Amino acid sequence: MVPEAEFDSYYGRPILKEPTWKADIPFYLFVGGLAGASAVLAEGAAVRGLPTLERVARISAAGGAAAGTVALVHDLGRPTRFLNMLRVLKPTSPMSVGSFILAPFAGLATAAAGSNLTGVLPTLGRLAGAGSGVLGLPLATYTAALVADTAIPAWHEAHRELPFVFAGSGAAAAGGMAMVFTPVAQSGPAVRMAIAGAVAETAAAEAMSHRLGLVGEPYRQGKGGLLMRVARGLTAAGVAASVLGGGRRWTRTVGGASFVVGSALTRFGIFEAGKQSARDPRYTVTPQRERLRERSRA
């Protein structure tokens, strides 16, 4: 019998086209999660009466939204392309929905931070902060749908776990950023958010890698795997510094910085894993064959 064909190219070309996104996109994924979770943290600090933590979180939310907008516009090439996406809302397009989340979030977060810093229009500032807090969770997680709604195997097959990975990573980054710039006396909620986010991110990433099997190899091998391992190590170091540091200022700073860098590397690791899976036809053809066999048996 003729052996089953092994696909390694398609007329000398990969089966899938590798993503053409620049490094702006993984950076955008990171700052979006940071900004969204920071807005939620800021609202919690406002309710708890922690003014320094609230101010730091509001600045992080506004700064992350601004940086994310710049990165997205730079990747698109022209600012008018971003404005054109706001002309029509397409519920079936994650990019369209994300644009309608990012635009109002950026405005509300900036208004809340400006009011907090200047003391001008405090009531409107609080309302703007509440609005950005409501949009914070969708902003932190919609980017998971953005990458999963593609043909890239390592992203598409991970559509169940990626929202939880992104949400946990964003929470860890927001809590870590606040830990760096907030006095110990007011940083308790930030520490708890960072630890909870780190645990959620790690658990979801491990479940994702285990469930994907062959398609999950890029998360364990190559450049993507290296970035993911370093990210896990930094996240674990952040948890250790937060739990065992005894509330000392320098341990909070080191732990917070570890959370932030670990969160950023997680997004870059996921981005690289997707590119790796697009280059290797095994990750496209093998799952398709397995699904066909399952249908035949059924």
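The values are calculated or read from the model by the stated rules, or taken from the named source; none is laboratory data. Just so you know, these numbers come straight off a predicted model, no measurement behind them. Heads up, the Cβs are rebuilt from the backbone with ideal geometry, glycines too, and the neighbour counts pull from every protein chain shown.
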Inset, instruction - Being surrounded by 14 or more Cβ atoms within 10 Å (Cβ to Cβ) and over 30 Å from residue 129 (Cα atoms) is the filter; apply it to the stretch 8-24 and report the residue that is modelled with the lowest pLDDT. - result: 14
Legend entry - residue 81, sole failed condition from (1) closer than 12 Å to residue 103 by Cα; (2) without any contact (Cβ under 8 Å) to a residue 40 or more places away in the chain: (1)
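Name every residue in the stretch 87-117 that is among the β-branched types (Val, Ile, Thr) and either touching a helix residue (DSSP H, G or I) at 6+ places or on another chain (Cβ under 9 Å) or within 13 Å of residue 39 (Cα to Cα) (or both), in order of residue number.
Taking the stretch 87-117 as the starting set, the residues that turn out to be among the β-branched types (Val, Ile, Thr) are 88, 92, 97, 101, 110.
88, 97, 101, 110, listed by residue number.
Of the residues 143, 123, which is in a helix (DSSP H, G or I), hydroxyl-bearing (Ser, Thr, Tyr) and without any contact (Cβ under 8 Å) to a residue 12 or more places away in the chain? Full working, then the answer.
Values: 143 fails: without any contact (Cβ under 8 Å) to a residue 12 or more places away in the chain.
The unique qualifying residue is 123.
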Inset, instruction - Scan the stretch 25-44 for residues that are over 18 Å from the mean Cα position of the chain (by Cα) and crowded, with 24+ Cβ neighbours inside 10 Å and report the count. - result: 1
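Within the stretch 210-231, does at least one residue satisfy the condition of being among the basic types (Lys, Arg), within 21 Å of residue 268 (Cβ to Cβ), crowded, with 16+ Cβ neighbours inside 10 Å and at pLDDT 95 or above? Don't jump to the end; show me each part of the working.
The initial filter retains those residues of the stretch 210-231 that are among the basic types (Lys, Arg), namely 211, 220, 223, 229.
This time we only want the ones that are within 21 Å of residue 268 (Cβ to Cβ), so: 220, 223, 229.
Next, from what is left, pick out any that are crowded, with 16+ Cβ neighbours inside 10 Å: none.
The answer is no; no qualifying residue exists.
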Legend entry - Filter result for residue 70 (buried (at least 24 other Cβ atoms within 10 Å of the Cβ), among the β-branched types (Val, Ile, Thr) and within 22 Å of the chain's Cα centre (by Cα)): no
Inset, instruction - Could you run through the stretch 73-105 and say how many residues are surrounded by 12 or more Cβ atoms within 10 Å (Cβ to Cβ), farther than 19 Å from residue 20 by Cα and of a type in the set (A, V, I, L, M, F, W, C)? - result: 9
